[in-house]
Amino acid sequence: MTWLFYIFVLAATFIVMEGITWLTHRYVMHGFLWYLHKDHHQVEPGFFEKNDAFFVIFAVPSILLIYFGTFDNVWWMQATGFGIMAYGAGYFLVHDVIIHQRFKWFTRSNNSYVRAIRWAHKMHHKHLDRHEGESFGMLLVHKKYWDKIKRDRKLMAGNKKVEYAPEA
């Protein structure tokens, strides 16, 4: 029975992390810690960004919860820590691998979800300052981006061969 609760707490933490991520991205990264997040919107040379510090900021509570949950034998703390860690792994895959393609693993996906999440993130990055913005979440995609992907698919399905102006 404890394993069922453990899995429930881990999954609930994973789900709640989307909301925490949205709030943190909107009010912390685009707020008082903009100086760490700015280079993510205004690309500078190099593989690493100051923005990568948020990986550590989010990892610390996860590590501490796993550590104290394990050594103090408090299963729900450990489950919460692993839930945060699972979200971090998902965030890494979606944000760094699929969206920004910092690692060239899934570069040509035609999946609707992948296309919608990439478009939502592209709309987020069209704003180069911290005051304007949209689409602050990571895994949930607003309906307007799904609708755009559906419209694009219909347009592409209707035009199997694109005709350009004839050459003179």
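The values are calculated or read from the model by the stated rules, or taken from the named source; none is laboratory data. None of these values were measured; they are calculated from a predicted model. Backbone-built Cβ (ideal geometry, glycine too); neighbour counts: all protein chains shown. Note: accessible area is taken over every heavy atom of the protein model, side chains too, but ligands, DNA and RNA are not part of it. Shrake-Rupley method; radii C 1.70, N 1.55, O 1.52, S 1.80 Å.
Remarks
- Of all residues in segment 12-30, those being touching a helix residue (DSSP H, G or I) at 6+ places or on another chain (Cβ under 9 Å) and open to solvent by less than 40 Å² (accessible area, probe 1.4 Å) number 10.
- Every residue from segment 65-90 that is open to solvent by 40 Å² or more (accessible area, probe 1.4 Å) and more than 13 Å from Leu10 (Cα to Cα): Tyr67, Phe68, Thr70, Phe71, Asp72, Asn73, Ala89
- Contact annotation: residue pairs with Cβ atoms under 6 Å, 6 or more positions apart or on different chains, pairing a residue in segment 100-123 that is under 24 Å from Glu134 (Cβ atoms) and open to solvent by less than 70 Å² (accessible area, probe 1.4 Å) with a partner that is assigned to a helix (DSSP H, G or I) and of a type in the set (Asp, Glu), are Arg102/Asp96.
- Filter result for Val60 (among the β-branched types (Val, Ile, Thr) and either part of a helix (DSSP H, G or I) or within 16 Å of the chain's Cα centre (by Cα) (or both)): yes
- Any chance Leu93 is open to solvent by 60 Å² or more (accessible area, probe 1.4 Å) and modelled with pLDDT of 85 or more: yes
- Any hit, segment 39-60, residues being of a type in the set (A, V, I, L, M), under 17 Å from His124 (Cβ atoms) and surrounded by fewer than 18 Cβ atoms within 10 Å (Cβ to Cβ): yes
- Filter result for Ile149 (farther than 20 Å from Tyr35 by Cα and touching a helix residue (DSSP H, G or I) at 6+ places or on another chain (Cβ under 6 Å)): yes
- In segment 124-152, the qualifying residues are those that are assigned to a helix (DSSP H, G or I) and open to solvent by less than 30 Å² (accessible area, probe 1.4 Å), and the one that is nearest to Tyr27 (Cα to Cα) is His124.
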